[in-house]
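Okay, structure first, notes after.
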Amino acid sequence: MKCGKLKRFDNRKGECVTLIPITSPRFIDAESLASQPAWNEIFGNDNPLALEIGCGTGHFVAQMAQLHPDWNFIAVDYYNKGCLKTSKRADKAGLDNVRVIRAEARSFMERCIPRCSLRMVVINCPDPWPKKRHRKRRLVNAEFVGYLSEFMLPGGDFHFATDFDDYGEDVARFMPDMPGFANVLAPDPYRHALAGYPLSKYMLKFMDAGKQIYFVHYRKAS
Ligand SMILES: C[S@@+](CC[C@H](N)C(=O)[O-])C[C@H]1O[C@@H](n2cnc3c(N)ncnc32)[C@H](O)[C@@H]1O
């Protein structure tokens, strides 16, 4: 379906939705990006790339980008208001190493991220799809991590975090069988606290509700 200029077809809702315009210099609409863009020109340097999938409102990426000023962060979400908030947060903190992309993560990666280029991939609190019959809709599974691995540099970090017990245990169960990855937290399959890893908005929300976060951290072999 063709939508108007400031509208976008929402696959989940099955209708055109109005987009809030985002004027931040750190925001890039995926549709305006050439395929395989020159990220070094976009960021103005050759620093390594880090990708956050589903950045939400940007609490995590804003903190991580301050911890790693020598990495370039691409924060992707298809949630328009989240992209707006993430962009504003990065603008306010003056984070020149952050770009915010409104896009579906898999199609964006396929079109715009070179293979073997990511120093880090982060997925925090992805939608848990708690009903058993919906679990196949979860973003993170062995097949997806295998796909992500193609985009990661040797020595690159994969971080996954969730508040949802079954999701955390599932990812911690299949990760040891993923070829070419080592568990940074070994012998623990996951931890409930991770020093130096910023907390996202959803993590804080779930922790306030008394839930534990499952942190999984693997590294691709060098
Ligand atoms: C539960 S929220 C978590 C947000 C944030 N990571 C946090 O921890 O606060 C999940 C986010 O992932 C985004 N998301 C889910 N699947 C996605 C996909 N395939 N591509 C891009 N964004 C996605 C949603 O729009 C939503 O903003």
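Using the Cα centre as the reference, give the magnitude of the dipole from point charges on the C-beta atoms of region 116-194 (Lys, Arg: +1; Asp, Glu: -1; all else neutral), rounded to the nearest 20 debye.
Details: 10 positive and 11 negative charges, 71 e Å.
Dipole of region 116-194, to the nearest 20 debye: 340 debye.
With an 8 Å cut-off on Cα pairs and a minimum separation of 6 or more residues, tell me the relative contact order of region 56-122 in percent.
Values: 81 pairs, mean separation 23.8, N = 67.
For region 56-122, the relative contact order is 36 percent.
Indicate, rounded to the nearest 5 percent, the antiparallel portion of the DSSP beta bridges found entirely in the chain.
Details: 14 of 38 bridges.
Antiparallel bridges: around 35 percent, rounded to the nearest 5.
If I fit a long axis through the Cα atoms of helix 142-151 and take the longest principal axis of the Cα atoms of the chain, what angle between them do I get, 0 to 90°, rounded to 10?
In the chain, helix 142-151 runs at an angle near 60 degrees to the longest axis.
Helix 165-174 versus the longest principal axis of the chain: what is the Cα-based angle in degrees, 0 to 90, to the nearest 10?
Roughly 80 degrees between the two axes.
Pairs of alpha-carbon atoms within less than 8 angstrom and 6+ residues apart define the contacts here; what relative contact order does the chain have, in percent?
Values: 402 pairs, mean separation 40.5, N = 222.
Across the chain, relative contact order equals 18 percent.
Tell me the trypsin sites (Lys or Arg not before Pro) within region 141-222 that lie in a loop according to DSSP and have at most 16 other beta-carbon atoms within 10 Å.
Passing sites in region 141-222 are K211.
Build a GNM of the chain with springs between Cα atoms under 10 Å: which of G196, G180, G56 gets the top mean-square fluctuation?
Among G196, G180, G56, the largest GNM mean-square fluctuation belongs to G196.
Give, to the nearest whole percent, the P(r) tail of region 7-220 beyond 32 angstrom, counting all Cα pairs. Don't skip to the end; give the middle numbers.
On the way: 3055 of 22791 pairs.
Distances greater than 32 Å cover 13 percent of the Cα pairs.
Bear in mind that the values in this text are calculations on the coordinates, not laboratory data. Everything numeric here is computed off the predicted structure, so don't read it as measured data. When we count neighbours, we look across all protein chains shown, and the Cβ atoms used for this are built from the backbone with ideal geometry, even at glycine.
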